[in-house]
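The values are calculated or read from the model by the stated rules, or taken from the named source; none is laboratory data. As the structure is a computational prediction, the values presented were derived from the model and not from experiment. Counting neighbours? That spans all protein chains shown, and the Cβs are built from the backbone with ideal geometry, glycine included.
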Amino acid sequence: MNSLTRRSFIAGAAASASLRAAPVSERLGIAIQLTTDETASRNLLRTVREAGYTRAQLQFSWSTVGDDFLSALPRWLKDEGVVGDVVGAYVNCASPSNVLMDCRRRDLIRAIEFAGFIGAHVIVAWTGGYGKGLMTSDPRNLTREAEDAICRFLEPYHIRIENARLKLALETYITLVCPDAPSLARLLKRLPKSTGAVLDPPNLTPVARYGQRDKVLKQMFGELGNRIALVHFKDFRLAPDGASYQLPGPLKGEMNYRLFAEHVAKLPAETPLIAEHLKPPEFAAARKELLPVLEAAERR
């Protein structure tokens with residue numbers, strides 16, 4: 001076992017054990033976008049900690065960060081008292097050459113190797129698609145060939161992910177490959193248990209079924225079940241055009257958050273819970289509003 005693998009194993013095991021033992025008030029984390037500027041990143045991490053969070057999903061531009069940033073980031077996290085449970089490595093698995101969010105094919109390997117240095121145990125990637133952006137649909141995204149492409153892309157990485165004691169969580173959207181829970185569950189049946197799903201109701205609710213969103217939410221948990229590797233908390237409402245969504249932060253849209261929280265409370269305690277679509281001035285207020293909903297569901 002080389003030094004990277006050993007450190008990754010020890011850090012990942014410690015983070016996982018800590019997450020299992022923690023109450024929801026400590027498990028709730030937040031998604032943040034870091035930059036290579038040390039002062040700005042430390043200030044953001046300090047804002048996270050001062051808002052009451054100790055855990056985060058870390059996102060940054062993989063296509064621009066170098067080894068100096070990755071080497072320094074574990075120290076910044078430790079100094080500011082934040083655990084990076086989740087690392088965003090949003091490669092486009094269906095069409096990796098179509099970069100959707102600053103993460104290329106080769107960056108997935110970098111993310112797998114980096115995760116252990118900060119004790120992360122989940123990496124997030126897009127199912128992906130062939131459109132020019134995340135919000136751009138493409139008829140090819142709805143084909144079996146697109147799902148085949150994801151399986152082919154991921155096949156060389158499975159052993160690396162398993163050896164690093166990681167979970168790869170696939171996130172999708174209504175415009176991407178596997179745009180709902182049934183299709184995402186179908187894909188996961190073809191992949192090893194080290195690959196799971198991001199449970200994010202706005203991303204998995206077809207616009208045509210928005211009026212049935214409670215029923216669709218229940219279906220998500222039923223379809224994805226024990227393959228749920230990560231939960232994202234934001235909200236949604238129909239956009240004025242009636243053909244897309246507005247995506248505000250948690251409890252700021254029209255999702256049935258009590259129903260959502262009741263289902264989240266039944267998931268394994270080690271499942272990371274990440275609030276997103278929030279700006280730094282909103283961090284503390286979002287936590288203050290979201291925690292009572294989650295804690296009430298946990299008590300029921």
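Name the residue, out of 296, 229, that is in a strand (DSSP E or B), of a type in the set (Gly, Ala, Ser) and out of contact with any Cys (no Cβ under 6 Å at 6 or more places or on another chain).
Numbers: 296 fails: in a strand (DSSP E or B).
Matching residue, one of 296, 229: 229.
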Check: Could you say whether any residue in the stretch 79-90 is hydroxyl-bearing (Ser, Thr, Tyr), within 30 Å of residue 296 (Cβ to Cβ) and crowded, with 17+ Cβ neighbours inside 10 Å?
Finding: no
Margin query: Residues that are farther than 19 Å from residue 231 by Cα, aliphatic (A, V, I, L, M) and crowded, with 22+ Cβ neighbours inside 10 Å: does the stretch 128-142 have at least one?
Written below: no
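Taking the condition surrounded by fewer than 18 Cβ atoms within 10 Å (Cβ to Cβ), under 17 Å from the mean Cα position of the chain (by Cα) and not in a helix (DSSP H, G or I), does residue 240 pass?
no
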Next item on the list: Would you point out the residue of the stretch 236-265, among those that are over 17 Å from residue 199 (Cα atoms) and among the polar types (S, T, N, Q), that is modelled with the lowest pLDDT?
Entry: 244
Next item on the list: Have a look at 186, 190, 140, 110 and point out the one that is modelled with pLDDT of 95 or more and within 20 Å of residue 70 (Cβ to Cβ).
Entry: 110
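Suppose the filter is within 17 Å of the chain's Cα centre (by Cα), surrounded by fewer than 19 Cβ atoms within 10 Å (Cβ to Cβ), of a type outside the set (Lys, Arg) and within 23 Å of residue 84 (Cβ to Cβ); does residue 102 pass it?
Here the answer is yes, as residue 102 does meet what is asked.
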Notebook entry, point to check: Which residues, counting only those in the stretch 114-132, are farther than 17 Å from residue 62 by Cα and either touching a residue at least 40 places away in the same chain (Cβ under 8 Å) or of a type outside the set (Phe, Trp, Tyr) (or both)?
Noted result: 119, 121, 127, 129, 131, 132
Notebook entry, point to check: Would a scan of the stretch 276-293 turn up a residue that is charged (D, E, K, R), within 23 Å of residue 122 (Cβ to Cβ), in a loop (DSSP other than H, G, I, E, B) and modelled with pLDDT of 95 or more?
Noted result: yes
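Of 193, 279, which residue is among the basic types (Lys, Arg), within 24 Å of residue 168 (Cα to Cα) and surrounded by fewer than 21 Cβ atoms within 10 Å (Cβ to Cβ)?
On inspection, the qualifying residue turns out to be 193.
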Next item on the list: Would you check which residues across the stretch 183-219 are part of a helix (DSSP H, G or I), without any contact (Cβ under 8 Å) to a residue 60 or more places away in the chain and farther than 21 Å from residue 243 by Cα and list them?
Entry: 184, 185, 186, 188, 218, 219
Notebook entry, point to check: Taking the stretch 118-172, which residues are in a helix (DSSP H, G or I), out of contact with any strand residue (DSSP E or B) (no Cβ under 9 Å at 6 or more places or on another chain) and of a type outside the set (D, E, K, R)?
Noted result: 139, 141, 142, 146, 149, 151, 156, 159, 163
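Select, from 69, 9, 117, the only residue that is more than 20 Å from the chain's Cα centre (by Cα) and modelled with pLDDT under 95.
Answer to the selection: 9.
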Checklist line | Qualifying positions in the stretch 198-257 - closer than 23 Å to residue 24 by Cβ and among the polar types (S, T, N, Q) | finding: 203, 226, 256
Check: Looking only at residues in the stretch 143-174 that are surrounded by fewer than 18 Cβ atoms within 10 Å (Cβ to Cβ) and of a type in the set (S, T, N, Q), which one is nearest to the chain's Cα centre (by Cα)?
Finding: 163
Check: Going through the stretch 26-37 one residue at a time, which ones are touching a helix residue (DSSP H, G or I) at 6+ places or on another chain (Cβ under 7 Å), surrounded by 15 or more Cβ atoms within 10 Å (Cβ to Cβ) and not hydrophobic (A, V, I, L, M, F, W, C)?
Finding: 27, 36
Margin query: Condition check: under 22 Å from residue 163 (Cβ atoms), assigned to a loop (DSSP other than H, G, I, E, B) and at pLDDT below 95. Does residue 1 satisfy that?
Written below: yes
